Amino acid sequence: MRLTEQHLSVLFNIKSKVLDKKTECSGAIFNDGSFSFSCGDKHTARVDDSSDFIWHSHPSGKLMMSFDDWICFFISKALFAALFADDRILVVKKTDFHLELHERLYRTAVEFKGFPSILYRNYIAILDDYFDVEIENLKEDEISPDLFRVEYQVIDNK
């Protein structure tokens, strides 16, 4: 995966703004190089699904997307997602392989809107089936970009 110079410039600009935050922040990167920025609480931030490139930060410093982060990415229309943690950035990219997954998750979201526990359970079942894994039996550090077959890049600029 190769990011454009404009993407890299915007990512470093966002990184400079999230490094000192004690809360999780998120937003979207737009085609003109601008970006949105909002802060949530210590563990969550609202997903901004208004572009093809979404981002969020982990004030804990863990450069690992959580199960919930992966669900948000796969159900979003975004092609790219960036995660900022400490001085590193993880960028993941969907491929054509993920198109059907997006549709299945989206249909489930519409069908079970208003029933979060049923919705979450169905998301787990869909991901289990799609990736031929048992999500519930995975340790946190086993939930990786390789598992979900995305292209990815770690940008380390210390």
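The values are calculated or read from the model by the stated rules, or taken from the named source; none is laboratory data. Predicted model, so just to flag it, every value in this text is computed and none were measured. Because the Cβ atoms are built from the backbone with ideal geometry, glycine has one as well, and the counts that use them run over all protein chains shown. All accessible areas refer to the heavy atoms of the entire protein, side chains included, with ligands and DNA or RNA removed. Shrake-Rupley method; radii C 1.70, N 1.55, O 1.52, S 1.80 Å.
Here are a few things to note about the model shown:
- Residues in the range 2-33 that are part of a loop (DSSP other than H, G, I, E, B), open to solvent by less than 70 Å² (accessible area, probe 1.4 Å) and either in contact (Cβ under 8 Å) with a residue 24 or more places away in the chain or under 17 Å from Asp69 (Cα atoms) (or both): Leu3, Thr23, Glu24, Gly33.
- Scanning the range 109-157 for residues that are touching a helix residue (DSSP H, G or I) at 6+ places or on another chain (Cβ under 7 Å) and more than 23 Å from Phe80 (Cβ to Cβ) gives Phe112, Leu119, Asn122, Ile124, Asp128, Glu134, Glu136.
- Residue check for Asp86: surrounded by 14 or more Cβ atoms within 10 Å (Cβ to Cβ), modelled with pLDDT under 90 and not small (Gly, Ala, Ser): yes
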